[in-house]
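Heads up, the thing below is written out as structure tokens.
The values are calculated or read from the model by the stated rules, or taken from the named source; none is laboratory data. If you're wondering where the values come from, they're calculated on a predicted model, not measured in any experiment. Here the Cβ positions follow ideal geometry from the backbone for every residue, glycine too, while neighbour counts run over all protein chains shown. Ligands, DNA and RNA are excluded from the accessible area calculation, which covers all protein heavy atoms including side chains. Shrake-Rupley method; radii C 1.70, N 1.55, O 1.52, S 1.80 Å.
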Amino acid sequence: MCQFDLGDGPLVVDDFSGRQQSGSVVVGLASGGVRGRGRDIECLQVRLLPPVAHAVLGACAELGETVVSLDALWGRDAARTQEQLLAAGSWDDRFAIAEAALVRRHEAGRAVEPEVAFVWGQMVTNLGGVRVERLAAEVGWSRKRLWSRFRAQIGLNPKRAAQLVRFDHAAHRLAAGHSAARVAAEIGYVDQSHLHRDVMAFAGVTPTAVAIAPKS
């Protein structure tokens with residue numbers, strides 16, 4: 001996720017390891033425990049699919065479970081985009097500026113390998129309920145090669161990514177009002193306790209808290 005800081009005071013983001021970043025940042029996949037703080041906070045958040053993020057942001061292996069400054073990834077382009085966003089006269093203008101910057105970076109970036117894109121797509125289609133060995137066989141790679149190339153381009157190893165995909169679907173269903181027991185059964189968790197552990201690991205709160213959280 002890209003987060004452009006547009007407030008008067010700096011937005012400070014603490015990641016799960018205790019490190020801090022201020023200003024515009026990129027939040028990697030599965031960055032549990034990330035918290036933002038500051039005064040008069042105003043920001044624009046853009047969530048990117050992992051294959052898209054690889055081209056837009058690069059360095060995905062380093063982004064897997066951390067938070068980094070956008071300046072560190074985009075250099076001067078980050079500062080230019082930030083200046084344009086701050087000078088924009090409306091949110092529509094800001095959205096257009098952010099979209100143009102992301103498209104520009106995507107076109108200049110490197111796409112994920114077709115095999116990695118296929119594996120990610122299978123994970124999404126099957127709600128994370130896939131076996132890495134089977135996917136490796138389907139693309140003609142060894143398990144070790146798939147593990148290495150997937151992590152380098154997506155930012156997480158295949159097992160962790162599949163868990164995240166399953167959690168994402170579970171969180172949306174919990175937020176839609178489905179019971180934890182029903183969600184656990186439909187998504188493919190072993191039992192409700194398994195769902196509880198995954199939600200705590202990724203969100204830092206219980207399934208009940210996810211269900212009653214304000215909807216944006």
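Structural descriptor for segment 77-171: relative contact order 22 percent, calculated from alpha carbon pairs under 8 angstrom and at least 6 residues apart. For S22, nonlocal amide neighbours, meaning residues 5 or more places apart or on other chains whose placed amide H falls under 5 Å from its own, are V13. When only the Cβ of Lys, Arg, Asp and Glu is charged (+1, +1, -1, -1), the dipole of the chain relative to its Cα centre reaches about 780 debye. Modelled spin-label separation between D71 and Q192, with each label point placed 7 Å from Cα along the Cα-to-Cβ direction: 5.0 nm. Residues whose amide H lies under 5 Å from that of G188, counting only those 5 or more places away or on a different chain, are absent; hydrogens are built 1.01 Å from N in the peptide plane. For Rg and Dmax of the Cα atoms in Å, the listed values are (1) 18.3, 52; (2) 27.8, 95; (3) 16.7, 57; which was obtained by calculation from the structure presented? From the options (1) 18.3, 52; (2) 27.8, 95; (3) 16.7, 57, the structure gives (1). A full extension of the chain between K159 and R110 corresponds to an added length of 15.3 nm, given 0.36 nm per residue minus the alpha carbon distance.
Summarising the label geometry, the points placed 7 Å from Cα in the beta-carbon direction at A213 and V52 lie 2.0 nm from one another.
If R0 equals 35 Å, the separation of the Cβ atoms of R182 and A137 corresponds to a calculated FRET efficiency of about 0.60.
With contacts taken as Cα pairs under 8 Å at a separation of at least 6 residues, the chain carries a relative contact order of 19 percent. Note on the chain: with neighbouring protein chains present and a 1.4 Å probe, carbon and sulfur make up 51 percent of its accessible heavy-atom surface. Computed over protein heavy atoms with a 1.4 Å probe, the accessible surface of the chain works out to 53 Å² per residue. Computed from the Cβ-Cβ distance with R0 of 35 Å, the FRET efficiency linking Q84 to R19 stands at 0.80.
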